[in-house]
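Asks: Would you mind keeping the following structure in view while I ask a few things?
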Ligand code: ADP
Ligand code: ZN
């Protein structure tokens, strides 16, 4: 029997403390248990990371209490947290915080109880009728229960108009019973799914499934698999079959999807396949309420739900006996957590897959160059789907050179080229649908003074304010600051201050004007603030109540609408010119993904891309749907410059309320680090971040680049520990950053 528990406190600095397991607690405490322990004269909460027979610590005190009947954290997830702490250079308790969501960690989200009413005994129609004249409401209640069976008391009252008193009277008279029942806070709403008959697999899909099968049954002997399949090639169907096989084998499955694609569509496809077979699907993503998250988590931990679909945080879903992890759209940036610990869920999924062990399937039309390079090196296996089912073809791609656009007859609608305008018109005439994509919100996106040239920025961030016309506000898209649009330049007070640039709000307005009979809707984070708005708009679009949908990347991925035959990309340039070596890759991915929304039905699709850089390789390769060509070109460049995937980057960002403090911290850190690492690691000099100021904090960066990430994060941790930063200077450590802003 282990007598001591090694505990990491929730609010500690990464140190493990030993506590004695009191006699008589046999079997109640194990690694992964949450416990309450004495610390000085208080009690605090922590996680048991290991148990041991001995301890070398003096004066060990006993544990005060165990929080749950069995450990909340499974052995694999404990191991994963440890791996995370080492790889990402964070403290272990911070990693554990990711593993156990707050809704579960903190009390106060206990199961919800609701009162249900039912008939206490069978009643005849005459008995009910006898009551009708004396107490019509009471009769209505009995009738309702007679017809519908047990129902929530609140609903019973709403539907019969009976008062609380009327129900209580019936209970007192022994005619009705009321009891409290635990109800699940279900994020999916209705759980009634129509069973869908799986389609017959195409030869290609069959071949892919055969390639995956060995890994499903003997995961320890197999590498992760990349399933590279063009948009609409039926990857999801392959996931469904693979999941079915692991479920048949008595195991469980985890499906990660990008946050943005967590539409009812995705979840529905999985639920409608498995729920009718009696297999419960749980969803875990950031839009759940804390109560929903609590209930879903426990449904998974208890083994009730055997499939989990979720966004990046679901990589920590407490599934046991895991057979398969699917990472859909594995290239998607939303897998990267943007606050500490800044983990990459796709990479953690691969690590978890190895620890379980279970099969790992990474799917995408445009795999990340990291994963693709792993295939080229033989670390991952590669399977391909290169046809759309039923012979649907990929859309035709047309690049419109905006530099040559004719100017006659157009004024404020110049960002819609005549070519795109005509294409939209022809779709409207045929009753087909159009998606217009632009990655910028607002009406105008830049505010500048024509007289002195001043670019009016957010008072807290180094970005231009954007005009949101409907609410008549100038807004910062970084921190959310908003003000009335200024009428004069804040510097020279000239009234010649003007907004320019185009955002989705303006696209919507102009399109409405150009095509007055068209039904136009906009989907971006400005219009989608209300819960359910997303579902509503997509539902309306699917049932063809909308002709033209204007939106940001929210509409770029994973959606499937057979009626869409035209996708217009208003400007491909915004993503191309970011100060980031991944700009080309991101643009290519975006173009291919957006283009994939077109032509998924019987009619051929068309994509029109407007740009000022028509010769850019990302555009040219996207135009011919040539992922391999793009990857070869881009990887060669990355190799020449030593960029990832041929190295690892660590981005250190120092933040302070003055530029001097931030710069000083970054410079000191760069010096310390340069001295601490071998010469194979390159440490950049400190420089202002491209986003030089955010929320009033000045930002300076240092980028370290090396091949051995652990040695590097260790050196960074030590350097950070060795320099004494003032309290008001913060340094964020981002291992394998996805953006260098
Ligand atoms: P992807 O995930 O690669 O984008 P999907 O799995 O969403 O592709 O498939 C695209 C469309 O093709 C969906 O409507 C899906 O129902 C359909 N589909 C996939 N596989 C088959 C098949 N074997 N037979 C018929 N239809 C299929
Ligand atoms: Zn701001």
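Asks: Hey, does the stretch 580-590 have a residue that's in contact with a helix residue (DSSP H, G or I) (Cβ under 7 Å, 6 or more places away or on another chain), in a loop (DSSP other than H, G, I, E, B), under 20 Å from residue 396 (Cβ atoms) and not assigned by TED's automatic domain parsing to the domain that holds residue 382?
Replies: No, every residue in the stretch 580-590 fails to be in contact with a helix residue (DSSP H, G or I) (Cβ under 7 Å, 6 or more places away or on another chain), in a loop (DSSP other than H, G, I, E, B), under 20 Å from residue 396 (Cβ atoms) and not assigned by TED's automatic domain parsing to the domain that holds residue 382.
Asks: If you go through the stretch 75-98 one residue at a time, do you hit one that is closer than 26 Å to residue 25 by Cα and in a loop (DSSP other than H, G, I, E, B)?
Replies: Looking for residues that are closer than 26 Å to residue 25 by Cα and in a loop (DSSP other than H, G, I, E, B), one finds none in the stretch 75-98, hence no.
Asks: Let me ask something additional. Any idea which of 289, 386, 302 is away from ligand 1 (no atom under 16 Å from the Cβ), surrounded by fewer than 21 Cβ atoms within 10 Å (Cβ to Cβ) and more than 22 Å from the chain's Cα centre (by Cα)?
Replies: On inspection, the qualifying residue turns out to be 302.
Asks: Which residues, taken from the stretch 449-482, are surrounded by 13 or more Cβ atoms within 10 Å (Cβ to Cβ) and assigned to a strand (DSSP E or B)?
Replies: Answer for the stretch 449-482, where residues must be surrounded by 13 or more Cβ atoms within 10 Å (Cβ to Cβ) and assigned to a strand (DSSP E or B): 449, 457, 464, 466, 467, 468, 473, 474, 475, 482.
Asks: Output the number of residues of the stretch 486-525 satisfying the condition of being surrounded by 18 or more Cβ atoms within 10 Å (Cβ to Cβ) and either within 16 Å of ligand 1 (Cβ to nearest atom) or under 28 Å from residue 697 (Cβ atoms) (or both).
Replies: 6
Asks: Can you give me the number of residues within the stretch 44-56 that are surrounded by 13 or more Cβ atoms within 10 Å (Cβ to Cβ) and in a loop (DSSP other than H, G, I, E, B)?
Replies: 1
Asks: Take residue 470 and decide whether it is at pLDDT 85 or above, within 21 Å of residue 438 (Cα to Cα) and more than 29 Å from the chain's Cα centre (by Cα).
Replies: Criteria not met by residue 470.
Asks: Now for a separate question. Which condition breaks for residue 571 when tested against (1) within 25 Å of residue 234 (Cβ to Cβ); (2) in a loop (DSSP other than H, G, I, E, B)?
Replies: (1)
Asks: Looking only at the stretch 449-481, which residues are touching a residue at least 12 places away in the same chain (Cβ under 8 Å), touching a strand residue (DSSP E or B) at 6+ places or on another chain (Cβ under 7 Å) and more than 9 Å from ligand 2 (Cβ to nearest atom)?
Replies: Hits for the stretch 449-481 are 449, 450, 454, 456, 464, 466, 467, 468, 473, 474.
Asks: Looking for something surrounded by fewer than 18 Cβ atoms within 10 Å (Cβ to Cβ) and within 16 Å of ligand 2 (Cβ to nearest atom) - is there at least one such residue anywhere in the stretch 436-448?
Replies: Scanning the stretch 436-448 turns up no residue that is surrounded by fewer than 18 Cβ atoms within 10 Å (Cβ to Cβ) and within 16 Å of ligand 2 (Cβ to nearest atom).
Asks: Find all pairs meeting these conditions: Cβ atoms under 7 angstrom apart; at least six residues apart or on different chains; first residue within the stretch 219-237 and in a strand (DSSP E or B); second residue near ligand 1 (Cβ under 6 Å from one of its atoms).
Replies: 227/235; 229/235
Asks: Here are some conditions: (1) surrounded by 14 or more Cβ atoms within 10 Å (Cβ to Cβ); (2) away from ligand 2 (no atom under 16 Å from the Cβ); (3) on the phi < 0 side of the Ramachandran plot. Residue 544 meets all but one. Which one does it not meet?
Replies: Answer for residue 544: the failing condition is (3).
Asks: Checking residue 541 against (1) touching a strand residue (DSSP E or B) at 6+ places or on another chain (Cβ under 9 Å); (2) at pLDDT below 90, only one condition comes out false. Which one?
Replies: Among (1) touching a strand residue (DSSP E or B) at 6+ places or on another chain (Cβ under 9 Å); (2) at pLDDT below 90, the lone unmet condition for residue 541 is (2).
Asks: Show me the strands (runs of 3 or more DSSP E) entirely contained within the stretch 648-716 in which 1 or more residues are free of Cβ contacts under 8 Å to residues at least 40 places away in the same chain and either in contact with a strand residue (DSSP E or B) (Cβ under 9 Å, 6 or more places away or on another chain) or more than 25 Å from residue 577 (Cβ to Cβ) (or both). Break it down into steps so the answer makes sense when it comes.
Replies: Values: elements: 648-656, 687-694, 697-706.
It comes to 687-694.
Asks: When the stretch 66-99 is examined, which residues are found to be out of contact with any helix residue (DSSP H, G or I) (no Cβ under 8 Å at 6 or more places or on another chain) and touching a residue at least 60 places away in the same chain (Cβ under 8 Å)?
Replies: Those that are out of contact with any helix residue (DSSP H, G or I) (no Cβ under 8 Å at 6 or more places or on another chain) and touching a residue at least 60 places away in the same chain (Cβ under 8 Å): 74, 93.
Asks: For the stretch 203-215, indicate whether the set of residues that are over 30 Å from residue 277 (Cα atoms), away from ligand 2 (no atom under 16 Å from the Cβ) and either under 40 Å from the mean Cα position of the chain (by Cα) or modelled with pLDDT of 85 or more (or both) is non-empty.
Replies: no
The values are calculated or read from the model by the stated rules, or taken from the named source; none is laboratory data. These numbers come from a predicted model, not from an experiment. Ideal geometry is used to build each Cβ from the backbone, glycine not excepted, and the neighbour counts take in all protein chains shown.
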